[in-house]
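K.L.:
Have a look at this one.
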Amino acid sequence: MHAGIIFLLVIIGSVLFHIFTPWYWTDIASNWKGMDDTITLTFWVGGGVFVAVCLFMIYCVFKYQHKEDRRAEYKPEDKKLEKILTWATTLGVCALLAPGLIIWNQYVNVPKNAIEVDVMAWQWGWQYRLPGADGKLGTTQVRNIADNNPFGINPDDPFGKDDIMVESDVINLENNRPVKILLRSVDVLHNWYVPQFRAKMDAVPGTVTFYWFEPNKVGEYEVLCAEYCGVGHYAMRGGVEVQDKADYEVWLSEQETFEQLSARYEKLNVDGNKLAKK
Amino acid sequence: MSDEYDNNKSYQAQSSEVMDGSAGSINPDIDYVRPAEVGEQDLYHGHSFIEKWIFCQDAKVIGVQYFLTAVFTGIVGLILSWLMRLQLGFPGLAGFMTAEHYYQFVTMHGMIMVVYFLTALFLGGFGNYLIPLMVGARDMVFPYVNMLSFWMFFVAVAVLMASFFVPGGPTGAGWTLYPPQTILEGTPGSGMGILLMLISLSLFVIGFTMGGLNYMITILQARTRGMTLMRMPLTVWGIFTATVLAMLAFPALLVSAIMMTLDKVLQTSFFMPTILKAGEVLEYGGGSPILFQHLFWFFGHPEVYIVALPAFGIVSDLISVHARKNIFGYRMMVWAIVGIGGLSFFVWAHHMYVSGMNPWFGFFFATTTLIIAVPTAMKVYNWILTLWRGNIRINTVMLWCLGFIVTFVNGGITGIFLGNVSVDVPLSDTYFVIAHFHMVMGIAPLMVIMGAVYHWFPLVAGKMLHEGLGKWHFWITFLGAYSIYFPMHYLGFIGVPRRYFEMYDSPYMTSAVGMNEFISIAAFIVGAAQFILVFNIIKTLKTGKKAEKNPWKANSLEWYTSTVPPEHGNFGERLPVVHRWPYDFSVPGAKDDFIPQTTAPSEVIHTEVEKT
Amino acid sequence: MSEQKIDGFELKPGFKGMASDTGSDQTMFKGVHWGKAMMWIFLLSDTFVFSCFLISYMKGRGSTLVDWPNTSEVFSLHVGSVPVPLLLIAIMTFVLITSSGTMALAVKYGYEKNRKMCGWLILATAVGGLTFVGMQVFEWSKLIHEGVRPWGNPFGASQFGSFFFMITGFHGFHVSIGVIFLFIYTYKVFAGHYESKKRGWFTKMKGDYVEIEILGLYWHFVDLVWVFIFAFFYLW
């Protein structure tokens, strides 16, 4: 008897925990509210099934406890009941799958007006690159990476010249403008993840992966690495600052382009050579 | 097929009789069972201590050997989990704990628990012990290969454990061993540690293949007379399907292990793209890290079901016996097991939704993944419908089964979150995933293992385990484990990523410090509670009550051996002849509330038993 | 297929009959020796191993940064000074396929209890296998001499050497295991182990001629895999 009661308390406790939990998702700051909604829907449907199944089990434990003088029912199968349950489950599963697939379809189709951000990851840090006035990022290669070319941009690619380099682990984004995050890594797997934006994707060395979101809340957010990348994984943090258009433009104008950076290094080199000659 | 070799030439006396030996049957026709197709199995009985207990060919001894070795590794895994929880709940308390150590413990805990503990325990332990007994065979069909299988496993475990003592320590690459970081510096144990891990895995696969061939052929070709496929206990069905999965999934692991070994030792670039490390471009280039993930999860997802299906099967039998009722919808249960097994080969990339693979795969794998929920849900319904209108003994075994249902349904539902591709995006690589898979393939199968231990201990040792201790063991484990993993889902919602040695002052974590401490304390208690079982077993072996034959009044063949515990050859002079399925409980009109599988129809002619 | 009878068991016609036969008691594959069933299932598992290798190879070859070497040049053999593509491979394949033929004959004579013929044919198979391995050693050393290494080669993508040595090596390993067993079985046939019903010193099990057929299954499989490797590496 007490077994059934304890099980009942566990189920009630679970439901109460879910209702009164102080731990729940962080306030969303991007367009992926659909993900949250699908989670909520799955919670209702799935949680309902969980509670129903467990309550039925507890009912059976109470009602059909062993008695020497009683016999269980003998009924190997009930085709009709099994059919009903199968179809009901299938229906429920479809109801959950449909919104999931619809949102995934949005997730993999990036809007045309999204600004591209090249996120470059290494053990253990981040840096970012934005397209310049031409709106296009230059192509890159790991082998090109050097002090005067921190992103490995192909020097003969005309699109690369005006790329804006953000050699910091904090990137600024414009509020209410879709961002296409292009991820690449120079060593191992990483994952650029901001819990408030909900979205994530692995950065895989040797290839460029992507995802997109639209930040819709001005503020500062912490970037976490969400794919295990070695000893420093837990400390691999970065930041995002979502700003209004005006603030963002100011920030953008302060950043250095690839051309400027190359020029600075060339000057450094020339100065260095002059010094050496003297 | 006309050149089939005739292996039926040497019939023993028993097969020439048309009838089973029950003399004086009322109606010989309804008791007819076809004569034996295959002659008696040639068994080699060991003569010395070594042949009887160490290099033994008896599947039951091998099963116990597997069980004990797996439990040993399981205890190592448990201790590692304590150390991890110590760090997560109380950072800095254990002074020796560096990030390197933490990641090594995470990796070894995962690999040990999934492969060397659960897989070996279910298939090697329960499989070896129960298959021949349940299908009515004298032994596994290739006893010698079976023995080699265990010793190969033993060596694999030894190699794995050796990696704790090599320079650099064991690998800390995470149990998924994702390249490139697995074999690069910056990951602990990227030298000897990972090599030993890969060697150990390869040995495990080879050893397992030997065992798996035994389990499959014993079930397919060595059943006793009258034991049709649809009269096999669900335990056998579960282990059988899991073995098929293992035979087809482990090759992918073997291949990926070989390729990674070459990447490590010979500097090939199967999985290694161009890599810039410490300002220098390494000697690698052109490989594909995602290829490894595909290979790994082609093994890894069936692996989940390799653990789950035997648990499904065993728990079905336990519930049926202790609810004194036939398993509800037996045929549905069988087809669900087979269906889940088949589907499990088409869902692997749901572990890779955010891995950077072609995003269009997401649609396909989300759909197949959610389809698999349907047969799984049917199994759950059938378990609770078996309880319905039953005559349920609330003993320790049944408690474990009920605990299994609660944890499995909970973990299954969270699986629907993670399988549904876009819901997975915010939750993947967070603590939600940890909570999900521990609930569904850690705690739930563990509940079944414990239930099975309490259920079959009287058969293996001939003594009954202490009920009171068993109940304490159950309640502490169940309530403790539930309170570890249920709140943990909410850590995932907050967005706490997994495999974090320390969270520092991230705003996501500050609110969850208390929860982490609570989880850690619960983990210490649950881990310690497992030693109640160890104590119970030792106490029972010393002073326990002697078990009567068939103490649970079950129907399946393992309880109808000539001696308890069964000796080599299992069934004495004659193999049993089977006339019915193992679930004839509470048949109206029968004298007892159970009819053993060996009971001929003519002996229970006045009952309303259905033909199976 | 003609009606088959296995001691009072008649196979039933049609799909339904097949289903009920499959699900019947005792055995699923009627009249199939345990060892043979085991070998079939092992080979199925092994098929997955080779499939994983070959699929990885296709993926690897499809995604390299550098061009794949021109295989008809790399694998050609110089006769005099004329490069003949695929010459060595053609001979290797021929030898291996021939050894499959001798193996099949050995199985036949084994069942006929023709100890001598059976023994000589197994020996011939073993020699064929050994020749194959020898030629593979020759090919490997030729390639290594030309600078092909698992981690790189002068002709193109470094993965060429990696996959080539790994997959042909893994296949060659299979052949070598087969050759060792063929020699052991040759000895056992001539010594009469399959007729005397004495327990073996190693496995403590009694011998039987069916073991030759089981080894034959393995040998044919190794052959078949070679055909695929041949097609994937040398013809692609």
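The values are calculated or read from the model by the stated rules, or taken from the named source; none is laboratory data. Because the structure is a prediction, the values reported are computed rather than measured. Reconstructed Cβ throughout: ideal geometry from the backbone, glycine too, with neighbour counts over all protein chains shown.
K.L.:
Within region B:575-589, which residues are touching an Asp or Glu at 6+ places or on another chain (Cβ under 8 Å) and in a loop (DSSP other than H, G, I, E, B)?
P.N.:
Start the filter on region B:575-589 by keeping residues that are touching an Asp or Glu at 6+ places or on another chain (Cβ under 8 Å), which leaves B:577-579, B:582, B:585-589.
Scanning region B:575-589 gives B:577, B:578, B:579, B:582, B:586, B:587, B:588, B:589.
K.L.:
Another question about this same structure. Can you name the condition, by its number, that residue A:126 falls short on among (1) more than 16 Å from residue A:214 (Cα to Cα); (2) within 14 Å of chain B (Cβ to nearest Cβ); (3) among the aromatic types (Phe, Trp, Tyr)?
P.N.:
(2)
K.L.:
Quick check on this structure: which one of B:334, B:307 is in a helix (DSSP H, G or I) and surrounded by fewer than 24 Cβ atoms within 10 Å (Cβ to Cβ)?
P.N.:
B:334
K.L.:
Criterion first (part of a loop (DSSP other than H, G, I, E, B) and facing chain B (nearest Cβ under 7 Å)) does residue A:68 satisfy it?
P.N.:
Numbers: part of a loop (DSSP other than H, G, I, E, B): yes; facing chain B (nearest Cβ under 7 Å): no.
So residue A:68 fails the test.
K.L.:
Would you tally the residues in region B:555-574 being surrounded by fewer than 23 Cβ atoms within 10 Å (Cβ to Cβ), touching a residue at least 12 places away in the same chain (Cβ under 8 Å) and outside any helix (DSSP H, G or I)?
P.N.:
Residues meeting the conditions: 8.
K.L.:
Scanning region B:484-506 for residues that are more than 7 Å from every other protein chain (Cβ to nearest Cβ) and surrounded by fewer than 21 Cβ atoms within 10 Å (Cβ to Cβ), which turns out modelled with the highest pLDDT?
P.N.:
Filtering region B:484-506 for residues that are more than 7 Å from every other protein chain (Cβ to nearest Cβ) and surrounded by fewer than 21 Cβ atoms within 10 Å (Cβ to Cβ), the one modelled with the highest pLDDT comes out as B:498.
K.L.:
Given the condition under 26 Å from residue A:68 (Cα atoms), assigned to a helix (DSSP H, G or I), more than 9 Å from chain A (Cβ to nearest Cβ) and small (Gly, Ala, Ser), answer yes or no: does some residue in region B:444-458 qualify?
P.N.:
Yes, that holds for at least one residue.
K.L.:
For region C:68-88, state whether one or more residues are in contact with a strand residue (DSSP E or B) (Cβ under 8 Å, 6 or more places away or on another chain), more than 8 Å from chain B (Cβ to nearest Cβ) and among the hydroxyl-bearing types (Ser, Thr, Tyr).
P.N.:
The answer is yes, given that some residue of region C:68-88 is in contact with a strand residue (DSSP E or B) (Cβ under 8 Å, 6 or more places away or on another chain), more than 8 Å from chain B (Cβ to nearest Cβ) and among the hydroxyl-bearing types (Ser, Thr, Tyr).
K.L.:
Please tell me if residue B:345 is of a type outside the set (Val, Ile, Thr), more than 30 Å from residue A:72 (Cβ to Cβ) and assigned to a helix (DSSP H, G or I).
P.N.:
On the way: of a type outside the set (Val, Ile, Thr): yes; more than 30 Å from residue A:72 (Cβ to Cβ): yes; assigned to a helix (DSSP H, G or I): yes.
Yes: the conditions hold for residue B:345.
K.L.:
Looking for whichever is surrounded by fewer than 17 Cβ atoms within 10 Å (Cβ to Cβ) and either in contact with a Cys (Cβ under 9 Å, 6 or more places away or on another chain) or not assigned by TED's automatic domain parsing to the domain that holds residue C:162 (or both) here; the options are C:20, C:81, C:24. Which one fits?
P.N.:
Values: C:81 fails: either in contact with a Cys (Cβ under 9 Å, 6 or more places away or on another chain) or not assigned by TED's automatic domain parsing to the domain that holds residue C:162 (or both); C:24 fails: surrounded by fewer than 17 Cβ atoms within 10 Å (Cβ to Cβ).
Answer to the selection: C:20.
K.L.:
Within the set of pairs 6 or more residues apart or between chains, which connect a residue that is among the charged types (D, E, K, R) inside region A:153-168 to a residue that is part of a helix (DSSP H, G or I) with Cβ atoms less than 6 Å apart?
P.N.:
A:161/A:258; A:161/A:259; A:163/A:258
K.L.:
Can you confirm whether residue B:272 is buried (at least 24 other Cβ atoms within 10 Å of the Cβ) and more than 13 Å from chain A (Cβ to nearest Cβ)? It would help to see each step written out before you state the result.
P.N.:
Numbers: buried (at least 24 other Cβ atoms within 10 Å of the Cβ): yes; more than 13 Å from chain A (Cβ to nearest Cβ): no.
When the stated conditions are applied, residue B:272 does not pass them.
K.L.:
Out of B:460, B:448, I need the residue that is crowded, with 23+ Cβ neighbours inside 10 Å and among the β-branched types (Val, Ile, Thr). Which one? Before the answer, list the steps.
P.N.:
Details: B:460 fails: crowded, with 23+ Cβ neighbours inside 10 Å.
From the options B:460, B:448, the qualifying one is B:448.
K.L.:
Within region C:181-189, is even one residue in contact (Cβ under 8 Å) with a residue 60 or more places away in the chain, buried (at least 20 other Cβ atoms within 10 Å of the Cβ) and within 30 Å of residue C:59 (Cβ to Cβ)?
P.N.:
no
K.L.:
Let me ask something additional. Looking at the structure I just gave you, is residue C:29 at pLDDT 85 or above, at the interface with chain B (Cβ under 7 Å from one of its Cβ atoms) and not in a loop (DSSP other than H, G, I, E, B)?
P.N.:
On the way: at pLDDT 85 or above: yes; at the interface with chain B (Cβ under 7 Å from one of its Cβ atoms): yes; not in a loop (DSSP other than H, G, I, E, B): no.
Criteria not met by residue C:29.
K.L.:
Being hydrophobic (A, V, I, L, M, F, W, C), away from chain A (no Cβ under 14 Å) and surrounded by fewer than 20 Cβ atoms within 10 Å (Cβ to Cβ) narrows it down to one residue among B:518, B:531; which is it? Walk me through it before giving the result.
P.N.:
Values: B:518 fails: away from chain A (no Cβ under 14 Å).
The conditions single out B:531.
K.L.:
Do you know which residues across region B:539-551 are in contact with a Phe, Trp or Tyr (Cβ under 9 Å, 6 or more places away or on another chain) and surrounded by fewer than 19 Cβ atoms within 10 Å (Cβ to Cβ)?
P.N.:
Once the filter is applied, which keeps residues that are in contact with a Phe, Trp or Tyr (Cβ under 9 Å, 6 or more places away or on another chain) and surrounded by fewer than 19 Cβ atoms within 10 Å (Cβ to Cβ), region B:539-551 yields B:549, B:550, B:551.
K.L.:
Okay, next question. Can you name the strands (runs of 3 or more DSSP E) wholly within region A:150-198 that have at least 2 residues being under 17 Å from the mean Cα position of the chain (by Cα)?
P.N.:
Working: elements: A:164-166, A:170-174, A:179-185, A:190-193.
Of the strands (runs of 3 or more DSSP E) lying wholly inside region A:150-198, those with at least 2 residues that are under 17 Å from the mean Cα position of the chain (by Cα) span A:170-174, A:179-185, A:190-193.
K.L.:
Does residue A:187 meet the test of being in contact with a His (Cβ under 9 Å, 6 or more places away or on another chain) and either within 7 Å of chain B (Cβ to nearest Cβ) or more than 14 Å from residue B:359 (Cβ to Cβ) (or both)? So that I can check it myself, show each step before the final result.
P.N.:
Details: in contact with a His (Cβ under 9 Å, 6 or more places away or on another chain): no; either within 7 Å of chain B (Cβ to nearest Cβ) or more than 14 Å from residue B:359 (Cβ to Cβ) (or both): yes.
No.
K.L.:
Sort out which residues of region B:522-531 are within 17 Å of residue B:490 (Cβ to Cβ) and touching a residue at least 60 places away in the same chain (Cβ under 8 Å), and write them in order of number.
P.N.:
First pass over region B:522-531, keeping only residues within 17 Å of residue B:490 (Cβ to Cβ): B:522-523.
Matches in region B:522-531: B:523 only.
K.L.:
Sticking with this structure for a sec: So residue B:381 fits all but one of (1) over 30 Å from residue B:592 (Cα atoms); (2) part of a helix (DSSP H, G or I); what number is the exception?
P.N.:
Exception for residue B:381: condition (1).
K.L.:
Name the strands (runs of 3 or more DSSP E) wholly inside region A:200-278 in which the number of residues that are closer than 30 Å to residue B:270 by Cβ and within 14 Å of chain B (Cβ to nearest Cβ) is 3 or more. Outline the logic, then answer.
P.N.:
Values: elements: A:209-213, A:219-225, A:237-243.
Fully inside region A:200-278 and qualifying: A:209-213.
K.L.:
Taking region C:96-120, which residues are surrounded by fewer than 20 Cβ atoms within 10 Å (Cβ to Cβ) and hydrophobic (A, V, I, L, M, F, W, C)?
P.N.:
C:97, C:104, C:105, C:117, C:120
K.L.:
Which members of region A:1-59 meet the condition of being assigned to a loop (DSSP other than H, G, I, E, B) and farther than 26 Å from residue A:194 by Cα?
P.N.:
We begin by selecting, within region A:1-59, every residue assigned to a loop (DSSP other than H, G, I, E, B); these are A:1, A:21-32.
Answer for region A:1-59, where residues must be assigned to a loop (DSSP other than H, G, I, E, B) and farther than 26 Å from residue A:194 by Cα: just A:1.
K.L.:
Kindly evaluate residue C:65 against the criterion of being closer than 30 Å to residue A:205 by Cα, modelled with pLDDT under 95 and either over 24 Å from the mean Cα position of the chain (by Cα) or surrounded by fewer than 21 Cβ atoms within 10 Å (Cβ to Cβ) (or both). Explain how you work it out, then say what you get.
P.N.:
Working: closer than 30 Å to residue A:205 by Cα: yes; modelled with pLDDT under 95: yes; either over 24 Å from the mean Cα position of the chain (by Cα) or surrounded by fewer than 21 Cβ atoms within 10 Å (Cβ to Cβ) (or both): yes.
Considered against the rule, which asks whether it is closer than 30 Å to residue A:205 by Cα, modelled with pLDDT under 95 and either over 24 Å from the mean Cα position of the chain (by Cα) or surrounded by fewer than 21 Cβ atoms within 10 Å (Cβ to Cβ) (or both), residue C:65 comes out as yes.
K.L.:
Which residue, of C:160, C:132, is closer than 27 Å to residue B:282 by Cα and in a helix (DSSP H, G or I)?
P.N.:
Working: C:132 fails: closer than 27 Å to residue B:282 by Cα.
Answer to the selection: C:160.
K.L.:
I've got another one for you. Would you mind finding the one in C:125, C:64 that is assigned by TED's automatic domain parsing to the domain that holds residue C:187, outside any helix (DSSP H, G or I) and hydroxyl-bearing (Ser, Thr, Tyr)? Spell out the reasoning first.
P.N.:
Details: C:125 fails: outside any helix (DSSP H, G or I).
Just a single option satisfies the conditions, and that option is C:64.
K.L.:
Separate question: Identify the residue in region B:34-60 that is within 10 Å of another protein chain (Cβ to nearest Cβ) and either part of a helix (DSSP H, G or I) or at pLDDT 85 or above (or both) and, among all such residues, is nearest to residue B:215 (Cα to Cα).
P.N.:
The residue in question is B:57.
K.L.:
Let me ask another. Which of the residues spanning region A:116-162 are surrounded by 22 or more Cβ atoms within 10 Å (Cβ to Cβ), over 24 Å from residue A:227 (Cα atoms) and not hydrophobic (A, V, I, L, M, F, W, C)?
P.N.:
Passing the criteria: A:138, A:160.
K.L.:
Something else now. Yes or no: residue A:13 of a type outside the set (S, T, N, Q) and within 7 Å of chain B (Cβ to nearest Cβ)?
P.N.:
no
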